[in-house]
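Every number in this text was worked out from the coordinates using simple rules, so none of it is lab data. Note that the coordinates shown come from a computational prediction; the quantities given were computed from them, not determined experimentally. A quick note on method: Cβ atoms are made from the backbone with ideal geometry, for glycine too, and the neighbour counts reach across all protein chains shown.
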Amino acid sequence: MTQRPPSKDPYRDWLRRRLGQELGVQEAEQLLQGAIQRRGWPAMRALGPREVVAVLQDVYKTMSENIGEGRADKWLEEVSTELARLAETIPTPVEAPAPSQTPKPTPKPVMWGRRAHDLPLMLARVHAEIATRSLGTIRHDPVLARLERAAEWDVQATQAEVRRWQTEDMLSKLRADHARVEVADQVASARAQAELLRLTVAELHAMPRTDQASAAQLAHTQLMLTQTTSFLDVFGPLVTEQEADAPLTMLQMDLQNAHYSLGIPLHPNVLRARHGLNFALWQAADQGDAAPAVQDARRVLQQAEQEAGAQLKATLDAARGHQASLAGLARHVEELEARALKLQGLGGDPLSLARLRLEWRQARAAARIQSHRMEEAVRLLEALISDGAELPTETL
């Protein structure tokens with residue numbers, strides 16, 4: 001009896017079988033093709049675990065709407081375990097180039113002087129490229145054929161390292177953007193505070209100073225106005241104050257824990273630990289699981305999975321906390337806007353309006369911080385587990 005050759009698209013085959021059990025073969029195939037077209041994936045490209053996760057997320061959403069979250073969560077828990085087991089034995093499919101007959105020219109040395117956080121990503125990409133080229137050479141050399149499995153896991157580990165540093169780079173840029181807008185919020189609040197202080201000083205000047213307390217109040221208010229003006233002189237030119245009027249984002253998002261539980265097998269630390277296990281199994285040969293190095297590698301993998309689960313849970317809990325705080329602050333901002341419109345309509349005095357405007361600016365700045373911290377947490381989760389699709393956001 002001839003042994004069937006290993007599938008060239010094992011994750012697609014597994015996904016077809018698994019979805020076929022729930023939806024039927026025809027509907028499972030339609031759902032898979034729909035997900036591929038919607039995301040713009042090449043039709044003939046072999047799928048990996050990250051693409052499988054994206055399709056499973058689609059199915060989970062549909063099941064939650066049709067049969068309820070409880071049953072959908074139970075299904076997702078089962079399928080997550082099965083996917084993790086599959087990922088332990090089958091690396092992500094890699095299209096490795098055939099070795100070139102004409103050697104490429106030696107690249108020019110990297111110019112130093114770049115930002116420090118760029119360098120680890122550059123290094124990780126070089127390692128991934130070297131690993132992919134090595135795999136291509138091994139696949140086209142019969143003498144090296146027995147090394148192909150280990151080389152495939154090496155590629156997966158180096159690609160995980162690239163994704164890790166890409167995530168760090170994305171978060172670094174995101175935090176820089178957020179910091180710029182938060183400074184703009186602070187400048188806008190300071191400008192509103194300066195206006196309130198100016199009106200307060202004018203009012204205190206107009207009042208008769210009959211005692212020492214009123215004189216001290218005037219002196220203190222003038223001192224605060226001087227300090228606020230100094231702050232504006234320094235930071236005002238550094239920002240675009242219109243950014244402080246940008247709408248708040250990330251208000252409505254479904255942060256279901258079950259959705260993110262798929263992320264553990266895709267966490268870079270888990271992928272690297274899985275590479276270590278498979279490399280140890282390859283070295284152990286006939287000893288298999290009995291080899292001490294394999295047992296150590298299994299413990300490292302279990303620890304990596306536990307730590308990845310804890311990180312995903314902590315990040316998700318943080319995102320939920322920021323979302324709850326943001327919702328409360330957003331309501332407060334709306335209340336202040338309504339009060340300001342009402343006071344303006346009634347012809348309120350400039351001092352009361354300035355006081356309300358300052359409170360509104362401060363509330364918006366606080367809400368913005370919660371919005372940004374929530375977005376950073378969610379983007380980290382998505383970077384760890386998603387296929388790279390953009391997240392939906394809602395604005396206020």
³J(HN,Hα) across region 242-253 via Karplus (A = 6.51, B = -1.76, C = 1.60, θ = phi - 60°), whole Hz, x for Gly/Pro? 4, 5, 5, 9, 5, x, 6, 10, 6, 6, 10, 9
In Å and from the alpha-carbon atoms only, list the Rg and Dmax of region 8-90. 12.3, 36
In region 148-260, taking the dipole from +1 charges on Lys and Arg beta carbons and -1 charges on Asp and Glu beta carbons about the Cα centre, the listed residue (LEU255, GLY236, TRP153) farthest towards the positive end is GLY236
Can you tell me, using C-alpha contacts under 8 Å and at least 6 residues apart, the relative contact order of the chain as a whole percent? 20 percent
Which value results for Rg/Rh of the chain when Rg is the Cα radius of gyration and Rh the Kirkwood radius based on the inverse mean 1/r? 1.13
Placing +1 at every Lys and Arg Cβ and -1 at every Asp and Glu Cβ, with all other atoms neutral, what dipole size does the chain have around its Cα centre, in debye to the nearest 20? 740 debye
With everything on Cα atoms, drop me the angle between helix 49-67 and the longest principal axis of the chain, reported from 0 to 90° to the nearest 10. 70 degrees
On C-alpha positions alone, give me the angle between the axis of helix 10-23 and the longest principal axis of the chain, in degrees, nearest 10. 70 degrees
Going by C-beta contacts inside 10 Å, put PHE235, PHE279 in order with the fewest on the left. PHE235, PHE279
Assuming 0.36 nm per residue, please report the length gained on full extension of the stretch VAL143 to VAL126 beyond their Cα-Cα distance. 3.6 nm
The chain - mean residue ellipticity at 222 nm from DSSP helices (-39,500 (n - 2.57) per run, n ≥ 4, rounded to 500): -25500 deg cm²/dmol
Label ARG198 and ASP177 with points 7 Å out from Cα along Cα→Cβ: what is the distance between them in nm? 3.4 nm
Working from Cα positions, state the angle (0 to 90°, nearest 10) between the long axis of helix 148-206 and the longest principal axis of the chain. 0 degrees
Can you give me the Cα centroid spacing of region 303-352 and region 32-96 in angstrom? 33 Å
Label-point separation, LEU346 to ALA98 (7 Å along Cα→Cβ), nm: 8.3 nm
Neighbour counts of other C-beta atoms within 10 Å: give me TRP153, TRP282 arranged from fewest to most. TRP282, TRP153
